[in-house]
Amino acid sequence: MPAAAAAEGFHRLRGSAPEGVWSAPGRVNLIGEHTDYNGGLALPIALPQRTYAAVRLRDDGHLRVSSDVAGGDVVDVAVADITPDLPGGWASYVAGVWWAVHRSGQDVPGADVHLVSDVPVGAGLSSSAALECCVAASLSDLLGLGLLEHDDGRARLAAWCQEAENVIAGAPTGGMDQAISMRAIEAHAALLDCRSGGVEQVPFDLTARALALLVVDTRAEHALVDGQYAARRRSCERAAASLGVATLRDVPVTGLDDALARLGDAVTRARVRHVVTEIDRVTRCVTALRAGDVDEVGRLFVASHTSLRDDYEVSCRELDLAVDTALDQGALGARMTGGGFGGSAIALVRSDDVERVSAAVTEAFNRAGLREPGCFAVTAGPAAGRDA
Ligand code: ADP
Ligand code: MG
């Protein structure tokens, strides 16, 4: 039990028991990629993999954080000193949450925090949001804020976590990751409306249909990621400005051709085409899921991948290989998921085919001389909460 491991690790390092253990899930996005910062739609599920925080408040104003993932060393920072430069590194994701809650006007004391996690780190499965959200969940309970008890409160916690990641950890991500980690419901995907902040729960229980969602962590590392992400965002913002809309969400798919005709540059047109058609694919995917039309879900996955690869140009050799191999092996659909340039792909496969498709993808990576990928089937897990 990872919750017990977090408590034990805390005890070992701090010499006393924590006040409690809280956890939060990583996520995988079914469809709706690079749409969140365009005010669009996304459809993530929470993973069964989670990050666990064992926490005890301190009365000296210091935050002392350790993590198995980071080797167990304790990072110490005074809450009043937290900035984008301090404490820096991985602990800034934790300190950022403290900072955001403090900035909202809450009185926040210090704390000892020990973390364990089974979310793959840097795999595009949002270990960063899992980390922020388990810490925010602990703060809500330990400060008596009661925000875990209703969806509005959870949305507020998610906003603090996003602020932590944007301002203190310095990653300019949209709000999808924190929203799903805080607001997921087991066996459901969440249709996130990134313009209104609204969430609609969509039943997502593949086991009942003898299907599985296979995640392929490509373990690919490409240096381009941050700069390319920022460049895509800028390109969308500029396109929205020249079309006279607040965000590309305001371009309906029926008005796409008109919008494209008003954009001079071919690359910008391709970026806009991805965003507008991708938002439409999310809507169609929700309709297909509600109707039980899994073949259509698979087709939409493939169309999403093609659009991300050719129009948005954020795929890479490893992601394409994972997707193509899964499709060759009879997957109903497959696509890259997350920001791109590495990270993970997903494939919708028959339950009986999980092993075979995983083996074929691994074999294809070996043959291509690539690092061995991680392949595992996932179900939609629950949101952040208290474990012990
Ligand atoms: P992703 O969220 O896709 O896993 P990110 O680059 O957004 O990738 O976040 C990964 C970073 O988050 C790590 O490099 C590390 O700084 C931090 N991190 C995530 N989980 C943990 C953890 N359990 N312990 C320590 N740091 C973590
Ligand atoms: Mg992340």
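For the stretch 206-378, what does the alpha-carbon gyration tensor say about shape, rounded, prolate or oblate, given a ≥ b ≥ c as the root eigenvalues, a/c under 1.5 as rounded, and a/b over b/c as prolate? Since a/c reaches 1.5 but b/c is at least a/b, the shape of the stretch 206-378 is classed as oblate. What does the C-alpha gyration tensor say about the overall shape of the stretch 222-301? Classify as rounded when a/c is under 1.5, otherwise prolate if a/b is larger than b/c, or oblate. Oblate shape, in that a/c is at least 1.5 and b/c is the bigger or equal ratio. A simple packing score, the average count of other Cβ atoms within 10 Å per residue, orders the peptides 107-118, 130-141, 335-346, 244-255 as 130-141, 335-346, 107-118, 244-255, with the highest score first. Within the stretch 254-282, whose backbone N sits under 17 Å from a point 7 Å along Cα→Cβ of Asp310? Correct set: 257, 266-279, 281.
Just to be sure I understand: of the beta bridges DSSP finds with both ends in the stretch 50-123, what percent are antiparallel, rounded to 5?
70 percent
Placing pseudo-labels 7 Å out from each Cα toward the beta carbon at Asp152 and Ala368 gives an inter-label distance of 4.9 nm.
With respect to the chain, whose longest principal axis is taken over its alpha-carbon atoms, helix 225-243 is tilted by about 60°.
Which value, in debye to the nearest 20, gives the size of the charge dipole of the chain about its Cα centre, when Lys and Arg are +1 and Asp and Glu are -1 at the Cβ?
Using Cβ point charges on Lys, Arg, Asp and Glu, the chain gives about 460 debye.
Peptides 97-104, 191-198 ranked from most to least packed give 97-104, 191-198, packing being the mean of other C-beta atoms within 10 angstrom over each peptide's residues. Principal-axis analysis of the Cα atoms of the chain puts helix 266-291 at an angle of about 80° to the longest axis.
Near Ser138, once Lys and Arg are set to +1 and Asp and Glu to -1 for all other residues with Cβ below 10 Å from its Cβ, the sum equals 0. Only beta bridges with both residues in the stretch 2-204 are counted; by DSSP, about 85 percent of them are antiparallel. Among residues other than Leu57 whose Cβ falls under 9 Å from its Cβ, what is the net charge (Lys/Arg +1, Asp/Glu -1)? Taking every Cβ under 9 Å from that of Leu57, the sum is -1. Residues within the reach of a label modelled at Asp250 (point 7 angstrom out along Cα to beta-carbon, backbone nitrogen below 13 Å), restricted to the stretch 196-239, are 237-239. Summing Lys and Arg as +1 and Asp and Glu as -1 over all other residues whose Cβ lies under 13 Å from the Cβ of Ala345 gives a net charge of -1.
Rounded, prolate or oblate: which fits the stretch 63-181, taking a ≥ b ≥ c as square roots of the Cα gyration tensor eigenvalues, rounded meaning a/c under 1.5, else prolate when a/b beats b/c? Rounded, because the longest to shortest axis ratio a/c is under 1.5. Under the convention that each Lys and Arg Cβ holds +1 and each Asp and Glu Cβ holds -1, the size of the dipole of the stretch 2-204 around its Cα centre is about 120 debye. Computed from the alpha carbon positions, the gyration tensor of the chain leads to an equivalent ellipsoid with semi-axes of 34, 24, 19 Å, biggest first.
Ellipsoid semi-axes for the stretch 257-313, based on the Cα gyration tensor and the rule √(5λ), read 26, 12, 6 Å when sorted largest first.
Read the figures in this text as sums done on the coordinates, not as results from a lab. What you see is a predicted model, and the numbers here were worked out from it, not measured in a lab. Every residue, glycine as well, gets a Cβ built from its backbone with ideal geometry; the counts of neighbours run over all protein chains shown.
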